[in-house]
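Here the structure comes first, spelled out in structure tokens, and everything after it is commentary.
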Amino acid sequence: TVTENDIAIAVLRLMETEHVVQEGAGAVGVAAVLAGVISDIKGKNVAVPLCGGNIDTTVLGRVIDRALVSDERLARFSVVVSDRPGGIARLTRIVADAGASIKEIEHERAWQQEDLYAVEVILTVEVRGGDHLRELRDTFNEIIANNDGTIISWGSYRVE
């Protein structure tokens, strides 16, 4: 048995490595191989038939996003920063200097309860993978430990 995430990753891998657009049902065999569900194939030549490219473009976009999340290449988290001029700019500079790319950014003042002069920033970022994501986390934690006021706190939305 394979999960929806396994299938999404299979569709993404087929697009990235084979330049093939494949619907989910047709990528189940590849998903099973990638997820390690099929035993006794190590060291063997294995053919996995691909069938069906009938995937709607809006569905394909969602599949790609879910696969990137499962692959730890797309993450969402919140960061509380100073609401003084330049606070959000410093945060985006930290993310850029870490080599991550901001895909979405939202800031929230009304529901942020930590400090009247702070703002919660919700970021969706693209990173190279799990190691890169952990480096970004370590950077945030180091800045918080230094207590220079740039980052007050941060938390996970969709970071495992």
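The values are calculated or read from the model by the stated rules, or taken from the named source; none is laboratory data. Just so it is clear, the structure is predicted and the values come from calculations on it, not from any experiment. Don't worry about glycine lacking a Cβ; one is built from the backbone with ideal geometry, like all the others, and counts go over all protein chains shown. Note: accessible area is taken over every heavy atom of the protein model, side chains too, but ligands, DNA and RNA are not part of it. Shrake-Rupley method; radii C 1.70, N 1.55, O 1.52, S 1.80 Å.
Miscellaneous remarks
- Listed residues Ile38, Ile94 arranged by accessible area, highest first, probe 1.4 Å: Ile38, Ile94
- Shown is the FRET efficiency for Arg84 and Glu104, computed with R0 = 22 Å from the Cβ-Cβ distance and rounded to the nearest 0.05: 0.40.
- A Gaussian network model of the chain, with springs between Cα atoms under 10 Å, assigns the largest mean-square fluctuation among Ile41, Ile102, Ile143 to Ile41.
- Using only side-chain charges placed at the Cβ, +1 for Lys and Arg and -1 for Asp and Glu, the dipole size of the chain relative to its Cα centre rounds to 240 debye.
- Accessible area of the chain belonging to carbon and sulfur atoms, whole % at 1.4 Å probe: 50
- Ordering Ile64, Ser101, Ile38 by the projection of their Cα atoms onto the charge dipole of the range 1-155, which places +1 on the Cβ of Lys and Arg and -1 on the Cβ of Asp and Glu, puts Ile38 at the extreme positive end.
- Taking each residue as 0.36 nm, the span from Val37 to Asp138 lengthens on full extension beyond its C-alpha to C-alpha distance by 33.0 nm.
- Pair-distance distribution P(r) for the chain, from all Cα-Cα distances in 5 Å bins starting at 0: 2, 9, 15, 17, 13, 11, 10, 8, 7, 5, 3, 1, 0 percent.
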